[in-house]
Amino acid sequence: MAKIIVVTSGKGGVGKTTSAAAIATGLALRGNKTVVIDFDVGLRNLDLIMGCERRVVYDLVNVIQGEAGLNQALIRDKRTENLHILPASQTRDKDALTMEGVERVLESLSEEYDYIVCDSPAGIERGAQLAMYYADEAIVVTNPEVSSVRDSDRILGLLASKTRRAEQNMEPVRERLLITRYDPNRVDTGDMLNLEDIQEILAIKLVGLIPESEAVLRASNQGVPVTHDQQSDAGQAYADTVARLMGEEVPLRFHQAHKRGFLSRVFGGGRR
């Protein structure tokens, strides 16, 4: 049976879809048969991040409504063996998703895959609740700012009360925190919440910290998950995150400001 992981956030624009793509890619690169599903019906950005937007013929809604088979809608990733994408619809609304339909799709995929990564819409509306309902684990994505952390706290409330595991008194959804766009220099000047403050507010285990990095924007524009860029700090941070998800003990990196030497201050030099 596959492990179902929902990547979710209370606030939009925190890097949730980028993270879902990067984590799914990282799992597949480590030999796990993985599928990543876009639940953001009406918007659909996962296919752009994965670089397969021109190959979309059928989508999740088509499968749920019996207009296409699951194998017709799944898109095989060209760069990563063992990785498939199930895109969302751009032309339907979120009411096209049904609880029964989502369950059927997940049950079918569970027979064939090791990991199912669900890219949830931001917020608490129907699409987000369906994306998290069947989850075994949840990765809650937040930025180091007050509004993002507060909205993430609300998502934790839903995970504790509005999932199948909660309703059936099963073991709770395993909640993990992923902090994105972290800039230690801005933390030091008080412009961002620090790591300890975020962890104290949300009180869930940290699975990863992704630094603010030009590599993320560059990868998104190229349609290549940043996990493939292992020369970049963000690519390495996502690889660390995947390792922790799989139970490995990996030291936290990129959370402390680097002191720049004299020559670096004079001649500059950005981060990859």
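The values are calculated or read from the model by the stated rules, or taken from the named source; none is laboratory data. Just so it is clear, the structure is predicted and the values come from calculations on it, not from any experiment. Here Cβ is always computed from backbone atoms with ideal geometry, including for glycine, and neighbour counts include all displayed protein chains. When the accessible area is computed, the model is the full protein with side chains, heavy atoms only, and any ligands, DNA or RNA have been set aside. Shrake-Rupley method; radii C 1.70, N 1.55, O 1.52, S 1.80 Å.
Annotation: of all residues in region 230-263 being under 17 Å from the mean Cα position of the chain (by Cα) and not small (Gly, Ala, Ser), the one that is most open to solvent (accessible area, probe 1.4 Å) is Met246.
For region 22-69, a residue qualifies if it is surrounded by fewer than 16 Cβ atoms within 10 Å (Cβ to Cβ), in a loop (DSSP other than H, G, I, E, B) and more than 20 Å from the chain's Cα centre (by Cα), and the qualifying residues are Val57, Gln65, Gly66, Glu67, Gly69. If the condition is being in a loop (DSSP other than H, G, I, E, B) and crowded, with 23+ Cβ neighbours inside 10 Å, then region 1-14 contributes Ser9, Gly10, Val14. Within region 217-229, the set of residues being of a type outside the set (S, T, N, Q) and open to solvent by less than 30 Å² (accessible area, probe 1.4 Å) comprises Ala219, Gly223, Pro225, Val226. Within the span defined as region 204-216, one or more residues are open to solvent by less than 40 Å² (accessible area, probe 1.4 Å), modelled with pLDDT of 95 or more and in contact with a Pro (Cβ under 9 Å, 6 or more places away or on another chain).
I need a count of the residues in region 70-93 that are open to solvent by 80 Å² or more (accessible area, probe 1.4 Å), at pLDDT 95 or above and over 20 Å from Ala22 (Cβ atoms). Number satisfying all stated conditions: 2.
Here is a yes/no grid of residues against (1) open to solvent by 30 Å² or more (accessible area, probe 1.4 Å); (2) of a type in the set (D, E, K, R); (3) without any contact (Cβ under 8 Å) to a residue 60 or more places away in the chain; (4) over 22 Å from Val36 (Cβ atoms):
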site: Glu107; (1), (2), (3), (4): yes, yes, yes, no
site: Arg126; (1), (2), (3), (4): yes, yes, yes, no
site: Ala135; (1), (2), (3), (4): no, no, no, no
site: Arg154; (1), (2), (3), (4): yes, yes, no, yes
site: Thr163; (1), (2), (3), (4): no, no, yes, no
site: Leu178; (1), (2), (3), (4): no, no, no, no
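With respect to the stated conditions, Gly101 is more than 20 Å from the chain's Cα centre (by Cα) and open to solvent by less than 10 Å² (accessible area, probe 1.4 Å).
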